[in-house]
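A.B. asks: Take this structure first; my questions come after.
The values are calculated or read from the model by the stated rules, or taken from the named source; none is laboratory data. Everything numeric in this text was worked out from a predicted model, so none of it was measured. Here Cβ is always computed from backbone atoms with ideal geometry, including for glycine, and neighbour counts include all displayed protein chains. Remember, those area values only see protein heavy atoms, side chains included, never the ligands or the DNA or RNA. Shrake-Rupley method; radii C 1.70, N 1.55, O 1.52, S 1.80 Å.
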Amino acid sequence: MSTDNNYAPIVMFVYNRPGHVKQVIDNLKKCDLAIDSDLYIYSDAAKTDSQIEKVNEVRKLCEQIKGFNSVTLIKQNNNLGLAKNIIEGVTSIINQYGKIIVLEDDLLVSQQFLLYMNKCLDNYTDDKTIWHISAWNYPIEASGLPEVFPIRVMNCWGWATWKDRWVNFDKNSWVYASNVGLTVELRPDIKPLK
């Protein structure tokens, strides 16, 4: 369901942890812009029979979610595994909206998370050197750094991106980066968020 606003849809990936999912949803509903945002939840199917009950419990919980502009639950019929579920889910939703905010079922965010992500997506949409917005950063020495700054590394603990960057995604790129010793580098040419 596409809204009249220009907010990025939130896509969350869940599996078999109902307690985690409830915490994340309760937390996410407190975010500014949650009520105006579309939420898509990709629920992977159980890998083994012993996981069916927990997967179904998560799905039942997700069917009751309120507090967003819309909530769409996508139930996978077969177990895809986390990577394939994320790649296919992100691709599907980003092709509809052109941008996306991604969470997994164990991430708690600040009340300004959706504001920050949407503002960054808008602010940097034309800067093709920025491929994603991150909600988390590695522990680095932050003295002297602006509140928002670019680094040359991706992490998956809450992130956002655009369709024209996502088309370049290669799930094996981390292997390349680690093999060539890629390190975190600040980009002084990128202007901080206004």
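A.B. asks: Could you tell me which residue of region 63-74 is farthest from ASP164 (Cα to Cα), considering only residues that are free of Cβ contacts under 8 Å to residues at least 60 places away in the same chain and loosely packed, with under 15 Cβ neighbours inside 10 Å?
C.D. replies: Going through region 63-74, the residues free of Cβ contacts under 8 Å to residues at least 60 places away in the same chain turn out to be 63-68, 71, 73-74.
Restricting the remaining residues to those that are loosely packed, with under 15 Cβ neighbours inside 10 Å gives 63-64, 66.
On the way: GLU63: 32, GLN64: 34, LYS66: 31 Å.
Per the criteria, the residue is GLN64.
A.B. asks: Is it the case that ALA45 is assigned to a loop (DSSP other than H, G, I, E, B), open to solvent by less than 30 Å² (accessible area, probe 1.4 Å) and touching a residue at least 40 places away in the same chain (Cβ under 8 Å)? Even if it seems obvious, please write down each step before you answer.
C.D. replies: Values: assigned to a loop (DSSP other than H, G, I, E, B): yes; open to solvent by less than 30 Å² (accessible area, probe 1.4 Å): yes; touching a residue at least 40 places away in the same chain (Cβ under 8 Å): no.
Taking the combined requirement at face value, the residue does not satisfy it.
A.B. asks: Among residues belonging to region 87-126 that are touching an Asp or Glu at 6+ places or on another chain (Cβ under 7 Å) and open to solvent by 30 Å² or more (accessible area, probe 1.4 Å), point out the one that is modelled with the highest pLDDT.
C.D. replies: Step by step, filter region 87-126, then rank; the result is LEU115.
A.B. asks: A follow-up question, please. Please find, within region 48-62, the residue that is farthest from ASN6 (Cα to Cα) out of those that are open to solvent by less than 60 Å² (accessible area, probe 1.4 Å) and among the hydrophobic types (A, V, I, L, M, F, W, C).
C.D. replies: Result: VAL55.
A.B. asks: If you don't mind, another one. List pairs: first residue in region 18-38 and open to solvent by 10 Å² or more (accessible area, probe 1.4 Å), second residue of a type in the set (Gly, Ala, Ser) anywhere in the structure, Cβ distance under 6 angstrom, at least six positions apart or on different chains.
C.D. replies: Close Cβ pairs (under 6 Å, with a partner that is of a type in the set (Gly, Ala, Ser)) amount to LYS29/GLY67.
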